[in-house]
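The block underneath contains the structure these notes are about, expressed in structure tokens.
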Amino acid sequence: MADFAGAFLQSLGLIFGGDAELWAIVAISLKVSLTAVAFACLIGMPIGAWIAVGRFRGRRGLIVAVNALMGLPPVVVGLVVYLMLSNSGPLGVLQLLYTPSAMILAQFILVTPIVAALTRQVVETLNDEYADQLRSLGVSRLRSVPALLWDGRFALTTAVLAGFGRAIAEVGAVMIVGGNINHVTRVMTTTIALETSKGNLSLALALGTILILMAFTVNAAVALLDSASRRVIHV
Amino acid sequence: MFDRGISSGFQSDETAACSGDAALLSVSGLVFEIAGKTLLQIQSLDIPAGGTTVIMGPNGAGKSLLLRLMHGLLPASQGSIRMTGKPLTAALCRRQAMVFQSPVILRRSVRANVEFALAANGVPWRSRRKRALEVLSATGLGNKAKQAARSLSGGEQQKLAVVRALATEPEILFLDEPTSNLDPASVLAIERLLRAASAAGTKVVLVTHDLGQARRLGDEVLFLHRGQVVEQTPMKRFVDAPVSTEAAAYVSGELLV
């Protein structure tokens, strides 16, 4: 217990003392996860909105598939991305394995279904309310997508934050495709796993504390956005 | 208040045809069925250009359904609907506008709501804001232009829905019980808008249960019962001496089912 207390106090020292290594790891984590989430939003939101407003054969099946992909096992995604990026894989020529780009790709695959599925839910609910009015104004299904995404912007922020939460806390995929290389691909979660196994609890606890604070921040942001949306646009 | 000639962008010989005595909307052999049940069956119906046509009838008579069919929101099972003599197409439907019983207000500012309708109608972005502010000022909503539209009262939201529809300078404005849940002041504000629109040349087609409102606004009445047109007659005659027994019962306040 005394060891744990000591390690925790040391971890606070690392956080508030501005430990360069710790904050470099945090920076790489944020860079990788924010980039992955940005790409996931660029692809996932239009896909989700298209599924929401589209009327085509197999739509129900597609919704089930996208919802199921929200629970993709990270290690399986890591394995698949590893096989694709390895020298003998179809994308091996790109030489991306053990780079932040590979980690971004893995997290993008994990986060995109989350963003798409949540966007589909938000846009479909909004479309139920708007459909007749938009058609009355002569707006086609395709052209209604930007309007629906804009009017659902506050609710969609929840989707973005949920995706970020998944990405920043993910360990299995980035460990496999990133290789946990110091100062290059070492992120918070992989560092926690490594340092715990080495018995360096203070750094692991410091990173764990930051990770938990991020989770709280994300949830607080969701709650604040919810109340702001009610105040600003009267959802 | 509304000048359909200013920026409608589709003034043509078709518009000219609307201003004559010819039917603006013609319905022929119209049938609408769901699951084998016929909900609406109209052999022939002409709605003239100009003025206000009020559609009345008990619940389930097919009033809203007829409105939606004439606005192209629903496809007919059989028959045809023509506007200015031409089959109803998406392009022709864009020369119409509709206001629903519960106003569908976009989650953005009052001005942005109007701008959206103008954008959908092909008004260039440079002139949208100016045009939106002009319309809002002319209708007493100018001081609320920057306000979140959904923070308006129910009456103001419905007024905004009417203003938004009229901003596109439609040839025909359909309204489905637009004042059914509003207080008298809001009803008055909306009726003023409808009178101004009608005076400016927009054909108003209004569904209402309110006989008083029908008398205040209507030039003619289309009375529906059980999915069929029972009577189409000038307003005064409908009130004073309705021909059909159903309309007579309705006007006298009897319960018609």
For this session: Output the peptides B:125-131, A:206-212 sorted from most to least packed, where packing is the average of other Cβ atoms within 10 Å over each peptide's residues.
Result: A:206-212, B:125-131
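Using the membrane-span-like helix rule (whole DSSP H runs, Cα extent along the own axis of at least 24 Å, mean Kyte-Doolittle hydropathy at least 0.0), which helices of chain A qualify?
A:20-53, A:100-136, A:201-232
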For this session: Rounded to the nearest Å, what's the spacing between the alpha carbon centres of region B:106-168 and region A:1-53? Just the number, please.
Result: 42
Exercise. Shape call for region A:17-234 from the C-alpha gyration tensor, a ≥ b ≥ c root eigenvalues: rounded (a/c under 1.5), prolate (a/b greater than b/c) or oblate?
Worked result: oblate
Exercise. What is the distance, in nm, between label points placed 7 Å from the Cα along the Cα-to-Cβ direction at A:Leu34 and at B:Ala196?
Worked result: 4.9
Exercise. Total accessible area buried between chains A and B, 1.4 Å probe, in Å² to the nearest 100?
Worked result: 1900
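Work out the mean other chain Cβ neighbour count within 10 Å for the residues of B:105-112 and drop it here as an integer.
5
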Problem set entry | Distance in nm between pseudo-label sites at B:Val31 and B:Leu73 (7 Å out along the Cβ direction from Cα) | 2.5
For this session: Could you check how much of the accessible area of the protein assembly as shown is carbon and sulfur, as a whole percent, using a 1.4 Å probe?
Result: 61
Seminar exercise, completed: Net charge (Lys, Arg +1; Asp, Glu -1) of residues whose beta-carbon lies under 11 Å from that of A:Ile51, A:Ile51 excluded, is +3
Seminar exercise, completed: Interface residues of region A:120-136, defined as losing at least 30 Å² of accessible area versus the chain alone with a 1.4 Å probe, are A:Glu129, A:Tyr130, A:Asp132, A:Gln133, A:Arg135, A:Ser136
Problem set entry | Percent breakdown of C-alpha pair distances by 20 Å bin, ordered from the shortest bin, for the protein assembly as shown | 20, 39, 24, 14, 2
Problem set entry | Above-threshold pairs, the threshold being 24 Å between Cα atoms, out of B:Lys86/B:Lys236; B:Lys63/B:Lys203; B:Lys63/B:Lys146; B:Lys203/B:Lys236; B:Lys146/B:Lys203 | B:Lys86/B:Lys236; B:Lys63/B:Lys146; B:Lys146/B:Lys203
Exercise. In the protein assembly as shown, what percentage of the DSSP-assigned beta bridges are antiparallel, given to the nearest 5?
Worked result: 60
Problem set entry | Solvent-accessible area per residue, Å², over the protein assembly as shown with all protein chains present [probe radius 1.4 Å] | 45
Exercise. Kyte-Doolittle mean at least -1.0 and Cα extent at least 15 Å along the axis: which DSSP H helices of chain B qualify?
Worked result: B:110-120, B:125-138, B:154-167, B:184-199
Seminar exercise, completed: Highest GNM mean-square fluctuation among A:Ser101, A:Ser88, A:Ser144, for chain A with Cα springs under 10 Å, belongs to A:Ser88
For this session: Subtracting the Cα-Cα distance from 0.36 nm times the residue separation, let me have the gained length for A:Thr125 to A:Arg141 in nm, one decimal.
Result: 4.3 nm
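The values are calculated or read from the model by the stated rules, or taken from the named source; none is laboratory data. Treat the numbers as computed from the prediction; the structure is a model and nothing was measured. Cβ: placed from backbone, ideal geometry, glycine included. Neighbour counts: every protein chain shown. Just so you know, the surface numbers come from the protein's heavy atoms only, side chains and all, with ligands and any DNA or RNA stripped out. Shrake-Rupley method; radii C 1.70, N 1.55, O 1.52, S 1.80 Å.
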